[in-house]
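Below is one structure, written out as structure tokens, with a few remarks after it.
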Amino acid sequence: ALNATDRAALIYSVMDAGRGHVYTASYRYNDQGLLHQITPEAVIDPRDILLDSNQAMFFVGDGAIKYRDIFRDKAGKVTIAETSQQHIRGSAVGVLGRDKFLSNELLNPAAFVPVYLRPADAKPGKPLFNNKT
């Protein structure tokens, strides 16, 4: 979402999750220029993203490109980010950290854990070696 050039629009981050689904959440910049999450992260069918046709929406991510026709058919004020804005940048971590610091939202690194939106597709397989002696 940090790659969005339209800071007045509702920003949808949409990443292809495979199997016809996307990882998504929406964001908006506040008056201080800080990005705030509006909807929680979700794994959904792109046709199920709730769009408000009364406001400008800016879509970023590989899922935005893949499913652009779905979003444009559902709402009128949709902008899909240019290719140069589609890549996730490591510098975004620094920007988000700075924003959290300025908002006095400090993260304890020891308590930080990743958020998984769905279980892994991989299943345990057969052992490669037979350990019988």
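General remarks:
- Gain in span if fully extended, Asp121 to Ile88, counting 0.36 nm per residue against the direct Cα distance: 9.6 nm
- The range 10-111, dipole about Cα centre (Lys/Arg Cβ +1, Asp/Glu Cβ -1), debye to the nearest 20: 120 debye
- Label-to-label distance, Leu107 versus Asn54, with points set 7 angstrom from Cα along the beta-carbon direction: 3.5 nm.
- Positive contributions from Lys and Arg (+1) and negative ones from Asp and Glu (-1), summed over other residues with Cβ under 13 Å from the Cβ of Asp6, come out at +2.
- Reference-scaled alpha-carbon Rg (2.2 N^0.38 Å with N residues) for the chain: 1.30
- Euclidean distance of C-alpha centroids, the range 2-56 and the range 63-126, integer Å: 9 Å
- Relative contact order of the chain, defined on C-alpha pairs under 8 angstrom at six or more residues apart (%): 22 percent
Coordinate-derived values only; no laboratory data. Predicted model, so just to flag it, every value in this text is computed and none were measured. Virtual Cβ from ideal backbone geometry, glycine too; neighbours counted across all protein chains shown.
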